[in-house]
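In what follows, a structure is listed as structure tokens, so that the remarks can point back to it.
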Amino acid sequence: MDLSDVEGQMKDISSHEIEHVNNEAASFTEEEEKALVRKVDLTLLPTIWVMYLLSYLDRTNIGNAKISGMEVDLELTSNQYSIALVVFFIGYVVFEVPSNLVLGRSRPSVFLPSIMIIWGALTCVMAVVKSFTHLVVLRVILGCVEAGFAPGVLLVLSSWYKQTEQSKRFGVFISAAVLSGAFGGLIAAGIVDGLEGVHGIRGWRWLFIIEGAATVGFAIISLFILPDFPATSRHFSEREKQVAVARLATENVTATTEDTEHLSPLEACKVACQNWRTWAFIIGYMEVYPLFADRPT
């Protein structure tokens, strides 16, 4: 037997070993899958739920601040208040796509809490606004920062769950916005009434301080809880990551790994624009969102 025969046999053995490892990783039991989904539900869902709740509280507290004295103190006209509401969505719309492109090349456990810390700090800064101009500038910046959160969460959800599992989890996630609308006013009333005039600070200013500080505090906590993408998350064992990737592969969903070849921003936008679902979603979004025009934001 010559050297070439030995090398050929070694290549055959190596290829068989690799194939065996891949097959072993791709196979998983129903119990393993249920245990993985349960762990994801207990770590990912509660975290993003609280984050979204605080996001909506920070976004809508301007309405509660208005009726608590902000409009009088800043001498805002009705048109000026409306402008302060609308400008939030300028940055929110423009920065959604760039934010998701950044998220796809970073770690969700760092990216999402980081932008949450920034918008929480901006909410606290709103407590010191002195004029309409200051308010508008802060609202624009706040919209730019918050733009990456909701789309980012949806990206993470779709990276962990099968299509048949996503609607239920999305319903849990979106319920945070409903509850924030139901209890946001009560929370605001408690803060304003309880802290009005404390240390010479108006109650509506305390509202921004308290809710912004709560956002920053939970963002720091979420840094240690929020998982990354299935193949790269540090909160899961190697076997759990293998199962997470393999079960998504059964629906032709490719999980992001460290070695995954990424599309460039231009290529990613091109692929999205060529998908009819993107345009259908845009039309539906434009039809539905005006219904929120009478809400604070």
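The values are calculated or read from the model by the stated rules, or taken from the named source; none is laboratory data. Bear in mind the structure is a predicted one, so any value in this text is a computation, not a measurement. For neighbour counting, all protein chains shown are included, and Cβ atoms are generated from backbone atoms with ideal geometry for every residue, glycine included. The protein model used for the area step is the full one, side chains on, heavy atoms only, and it has no ligands, DNA or RNA in it. Shrake-Rupley method; radii C 1.70, N 1.55, O 1.52, S 1.80 Å.
How many of the residues making up the range 119-133 are of a type in the set (S, T, N, Q) and either touching a residue at least 60 places away in the same chain (Cβ under 8 Å) or at positive phi (or both)?
Residues that pass the stated criteria total 1.
Rundown of residues vs (1) under 21 Å from MET51 (Cα atoms); (2) in contact with a helix residue (DSSP H, G or I) (Cβ under 7 Å, 6 or more places away or on another chain); (3) surrounded by 14 or more Cβ atoms within 10 Å (Cβ to Cβ); (4) at pLDDT 95 or above, yes/no style:
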residue	(1), (2), (3), (4)
GLY143	yes, yes, yes, no
LEU154	yes, no, yes, no
GLY197	no, no, no, no
TRP206	yes, yes, yes, yes
PHE224	yes, no, no, no
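Output the number of residues of the range 27-55 satisfying the condition of being more than 18 Å from TRP160 (Cβ to Cβ) and open to solvent by less than 20 Å² (accessible area, probe 1.4 Å).
Of the residues in the range 27-55, 1 are more than 18 Å from TRP160 (Cβ to Cβ) and open to solvent by less than 20 Å² (accessible area, probe 1.4 Å).
Just checking, which of VAL37, VAL94, VAL50 is touching a helix residue (DSSP H, G or I) at 6+ places or on another chain (Cβ under 8 Å) and modelled with pLDDT under 90? Lay out the reasoning, then the answer.
Working: VAL37 fails: modelled with pLDDT under 90; VAL50 fails: modelled with pLDDT under 90.
Matching residue, one of VAL37, VAL94, VAL50: VAL94.
Could you identify the single residue in GLY69, GLY63, GLY91 that is among the small types (Gly, Ala, Ser), open to solvent by less than 20 Å² (accessible area, probe 1.4 Å) and farther than 18 Å from LEU138 by Cα?
GLY69
Can you tell me which residue within the range 156-184, out of those that are aliphatic (A, V, I, L, M), out of contact with any Phe, Trp or Tyr (no Cβ under 7 Å at 6 or more places or on another chain) and surrounded by fewer than 18 Cβ atoms within 10 Å (Cβ to Cβ), is nearest to VAL93 (Cα to Cα)?
Result: ILE174.
If you take the residues in the range 232-245 that are part of a helix (DSSP H, G or I) and open to solvent by less than 10 Å² (accessible area, probe 1.4 Å), which one is nearest to GLU30 (Cα to Cα)?
VAL243
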